[in-house]
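Notes to accompany the following structure.
Where a number appears in this text, it was derived from the coordinates with a stated rule and is not lab data. These figures come from a predicted structure and were not determined experimentally. Every residue, glycine as well, gets a Cβ built from its backbone with ideal geometry; the counts of neighbours run over all protein chains shown.
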Amino acid sequence: MAEQPVFETDFSNKESLEAFWMPYTSNRYFKENPIIVTGAEGCQFTTQDGKTVYDAFSGLWCTGMGHGRSEIVEAVSKGIQRLDYSPAFQVGNDIAFEVANKVKKLTPDGLDHVFFTNSGSEAADTAMKMARAYWRLKGQASKTRFIGRSMGYHGVNWGGVSVGGIAANRKLYGQGVDSIHLPHTLLAENRFSKGLPPHKGVELANELETMLMMHDPSNVAAVIMEPFSGSAGVILPPVGYLERIREICSKHNVLLIFDEVITGFGRTGKDFGADAFGVTPDIMTMAKGITNGCVPMGAVVSKGDIYNTFMENGGPDYMVEMPHGYTYSSHPVACAAALAALDIFEKEKMSEKVEALSPYFEEQVHKLKGLKHVVDIRNFGLAAAIEIEAFGGKEPAKRPFEIFRRCWEMGVFVRCGGNTIQVAPLFIASKSEIDHVFNVLSDAILATE
Ligand code: PLP
């Protein structure tokens, strides 16, 4: 157990918590009832009041291989001693090339060029800029519009918010980037499906063609979607959906971007959602699992044609081909974490671990069917969402929030998101731990009015 530092903050005093304006948090409730984490190891958090809490959400979909992995801790600590920072522009650090080659090897064939960011949000916006610039360089500058999906989530920067389809994330911020949205893929007849829902995949995907006929492909840069929507509550593509989306994009010369920030690095039981669903996009974004969550990092991986288009149209060779990048793109410390994390990912065959545990996880989560308030259960790989009926028919977030808080009190961390409870265990979870998670969750649901 790492040594605990001593802080001056009085965690029992609401006033001393006000300085930190917390992200995606109900700050008013939190500061009256704080949850303060002080350590993590394996699948457990420890808290400021001396409890241990089982992590059934891999942090925030990111620490699948276990908290506090000594190999990563050591690589980061050695890495920062060797090279704390080197400029990201016009100078490359050695370890960045190593990580890029590793990512290239892991991603599906054809996705070969890796642009580093610091988060999934930056990756989404980078991919969108890449798509627009690509068409402009190809002489098709009118292709600027994006097609996202209702209930999609692509982070919180302008591009991501614009193509994202969760109303609460958009409504305060006004006009964004030119985007339209496909319908989501939740259907009543697919409720309680185990794994991929069987109904209407092709029909739902055909909406894309209708939309392209209305807006014309000459105005559309790219379609962006998560292979399955994570943050909105594990909304899965019905059978045949992604294949048909791919076909339509290819037919009409529109790029397909997969946001694999959640589905990347093992969560589906394959290395990427693209592998799990057998569909390869033109651009893929990733973050979270690339460093097992312990140092911020994201990446955008593009096909050769896109990279080459920038190279061929870049002007004299001393000129920058894509004027875009972050001070911390390919940060050497993040790269050290990524290299160690990807090494564990491969050596310990994490995707296979997930694939092997998924049927048990599926069986256990579906045992919640029939419990009061539970109106749908969706799962794939080691990801599941339990949809909870809105309180009084009009307050969808109230019960999930209460259930999350109750679970925490009972020593288990699950996430509340909109009208769902989301569960995403670590890849190293045991069957008995999964049993424990669903026992606690079931008690918490039953205790909720
Ligand atoms: N894209 C998807 C699919 C995500 O799930 C997330 C975060 O959960 C993001 C993008 C944003 O990533 P970040 O929070 O690292 O900016």
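Annotations for the structure displayed:
- Cβ-based charge dipole, the chain, positive-most Cα from Gly66, Phe146, Phe427: Phe146
- In terms of its C-alpha gyration tensor, the stretch 266-340 has an oblate overall shape, because the principal axis ratio a/c (a ≥ b ≥ c, square roots of the eigenvalues) is not below 1.5 and a/b does not outweigh b/c.
- By definition, a body whose alpha carbon gyration tensor gives a ≥ b ≥ c is oblate when a/c is 1.5 or more and a/b is not larger than b/c, and the chain fits this oblate description.
- For Lys394, the aspartates and glutamates whose Cα falls under 15 Å of its own Cα, not counting residues fewer than eight places away in the same chain, are Glu449.
- Counting every other Cβ atom within 10 Å of each residue's Cβ, His154, His113 order from fewest to most as His113, His154.
- Applying a DSSP loop filter and a limit of 13 other Cβ atoms within 10 Å to the chymotrypsin sites (Phe, Trp or Tyr not before Pro) in the stretch 24-73 leaves Tyr24.
- The order of the peptides 216-226, 99-109 by mean Cβ neighbours within 10 Å, most packed first, is 216-226, 99-109.
- DSSP-assigned coil residues among chymotrypsin sites (Phe, Trp or Tyr not before Pro) in the stretch 308-382, each with at most 11 further Cβ atoms within 10 Å: Tyr318
- The chain: calculated mean residue ellipticity at 222 nm from DSSP helix runs of at least 4, using -39500 (n - 2.57): -11000 deg cm²/dmol
- Straight-distance crosslink candidates among lysines, where the alpha carbon sits under 18 Å from Lys347 and sequence neighbours closer than 8 are dropped: Lys102, Lys104, Lys105, Lys270
- A Cβ-based charge dipole, computed about the Cα centre of the chain with Lys and Arg at +1 and Asp and Glu at -1, lands at about 860 debye.
- Cross-link table Lys171/Lys288; Lys171/Lys398; Lys129/Lys398, entries beyond 30 Å C-alpha to C-alpha: Lys129/Lys398
- For the stretch 1-100: rounded, prolate or oblate by the Cα gyration tensor [a/c cutoff 1.5]: prolate
- Candidates Val365, Val202, Val254: whichever shows maximal mean-square fluctuation once the chain is modelled as a Gaussian network with Cα springs under 10 Å: Val202
- Candidates Gly269, Gly174, Gln90 compared by Cα position along the dipole of the chain: farthest toward the positive end lies Gly174, with charges placed on Cβ.
- Spatial separation of Cα centroids for the stretch 347-412 and the stretch 203-267, in angstrom: 25
- GluC sites (Glu not before Pro) lying in DSSP loop within the stretch 1-85, provided at most 13 other Cβ fall within 10 Å: Glu3, Glu8, Glu18
- Rounded FRET efficiency, nearest 0.05, which uses the C-beta distance separating Ile36 from Ser442 and R0 of 22 Å: 0.25
- The gain in end-to-end length when the Tyr85 to Ser26 segment is fully stretched comes to 17.7 nm, 0.36 nm per residue minus the alpha carbon separation.
- Gaussian network model of the chain, Cα within-10 Å springs - most flexible of Thr291, Thr420, Thr144: Thr144
- Max mean-square fluctuation residue, GNM over the chain, Cα-Cα springs under 10 Å, options Gly68, Gly381, Gly92: Gly92
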